[in-house]
Amino acid sequence: GLDPTHSRGMSFRPVLGPISAEYDASTGHLGIDFIAPNGSMVHAADDGTVILASYTVDGGYVIAIQHKADRLSVYKHNQSLLLEPGDVVRAGDAIAIIGGTGTTSKGPHCHFEWWVDGAPLDPMPWMPGEGVAP
């Protein structure tokens, strides 16, 4: 695959499931929603360090990973989190369990955001296919 330091891409698909809502900055939906059954695993999109693992009212259990080259991934509405801030992860590691926590969730799914250089991007073009690293 591409050298991640020269790319906005990620090396792993965070959830193996269909997408129920796409990125739409005009409505404030700054990520994509993956549907998967309760208890499914959420995976790290790339190597990095956990910088946030906490509960928020609207996002439920949220985990965020800082990656090289000013890339950041955020995963919301989890049932539970498997890691703590400071933990180092590799692409594909299990980081959380899918759930429906938070006031903005309408059922089990993972809201996934991909930030590059401090701005949210549509994750779709930067994501590999069904769970295969490039």
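The values are calculated or read from the model by the stated rules, or taken from the named source; none is laboratory data. Values in this document were obtained by computation on a predicted structure and should not be read as measured data. For neighbour counting, all protein chains shown are included, and Cβ atoms are generated from backbone atoms with ideal geometry for every residue, glycine included. Please note that ligands, DNA and RNA were not included when accessible areas were found on the heavy atoms of the full protein model with its side chains. Shrake-Rupley method; radii C 1.70, N 1.55, O 1.52, S 1.80 Å.
Being open to solvent by less than 10 Å² (accessible area, probe 1.4 Å) and either modelled with pLDDT under 95 or not in a strand (DSSP E or B) (or both) is the filter here; which residues of the stretch 89-105 pass it? Before the answer, list the steps.
Let us first name the residues in the stretch 89-105 that are open to solvent by less than 10 Å² (accessible area, probe 1.4 Å), namely 89, 95-96, 98-99.
If the condition is that a residue be open to solvent by less than 10 Å² (accessible area, probe 1.4 Å) and either modelled with pLDDT under 95 or not in a strand (DSSP E or B) (or both), then I98, G99 are the ones that fit.
Of all the listed residues (G31, G86), the sole one being of a type in the set (G, A, S) and open to solvent by 40 Å² or more (accessible area, probe 1.4 Å) is G86.
When G1 is tested against the conditions (1) among the small types (G, A, S); (2) at pLDDT 95 or above; (3) surrounded by fewer than 22 Cβ atoms within 10 Å (Cβ to Cβ), the lone failure is (2).
Pick from the stretch 106-126 the residues that are assigned to a loop (DSSP other than H, G, I, E, B) and surrounded by 18 or more Cβ atoms within 10 Å (Cβ to Cβ): which of them is modelled with the highest pLDDT? Steps first, answer last, please.
Step one: list which residues in the stretch 106-126 are assigned to a loop (DSSP other than H, G, I, E, B), which gives 106-108, 117-118, 122-123.
After this cut, where a residue has to be surrounded by 18 or more Cβ atoms within 10 Å (Cβ to Cβ) as well, the list is 108, 123.
On the way: P108: 90, P123: 95.
In this case the residue turns out to be P123.
When every residue of the stretch 24-45 is checked against the conditions, at least one turns out to be at negative phi, in contact with a helix residue (DSSP H, G or I) (Cβ under 7 Å, 6 or more places away or on another chain) and among the hydrophobic types (A, V, I, L, M, F, W, C). Taking the stretch 27-78 and the strands (runs of 3 or more DSSP E) fully enclosed by it, the elements with 2 or more residues that are under 22 Å from T103 (Cβ atoms) are at 32-35, 48-56, 60-67, 71-78.
One line per residue, one yes/no per condition, for (1) small (G, A, S); (2) buried (at least 20 other Cβ atoms within 10 Å of the Cβ):
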{"position": "S11", "(1), (2)": "yes, yes"}
{"position": "I19", "(1), (2)": "no, no"}
{"position": "P37", "(1), (2)": "no, no"}
{"position": "A69", "(1), (2)": "yes, no"}
{"position": "S73", "(1), (2)": "yes, yes"}
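Screening L83 with (1) closer than 24 Å to P128 by Cβ; (2) in a strand (DSSP E or B); (3) touching an Asp or Glu at 6+ places or on another chain (Cβ under 9 Å) gives one miss only, at (2).
Do the conditions hold for I51, that is, is it of a type in the set (V, I, T), in contact with a strand residue (DSSP E or B) (Cβ under 9 Å, 6 or more places away or on another chain), open to solvent by 20 Å² or more (accessible area, probe 1.4 Å) and free of Cβ contacts under 8 Å to residues at least 40 places away in the same chain?
Working: of a type in the set (V, I, T): yes; in contact with a strand residue (DSSP E or B) (Cβ under 9 Å, 6 or more places away or on another chain): yes; open to solvent by 20 Å² or more (accessible area, probe 1.4 Å): yes; free of Cβ contacts under 8 Å to residues at least 40 places away in the same chain: yes.
Against the criterion (of a type in the set (V, I, T), in contact with a strand residue (DSSP E or B) (Cβ under 9 Å, 6 or more places away or on another chain), open to solvent by 20 Å² or more (accessible area, probe 1.4 Å) and free of Cβ contacts under 8 Å to residues at least 40 places away in the same chain), I51 qualifies.
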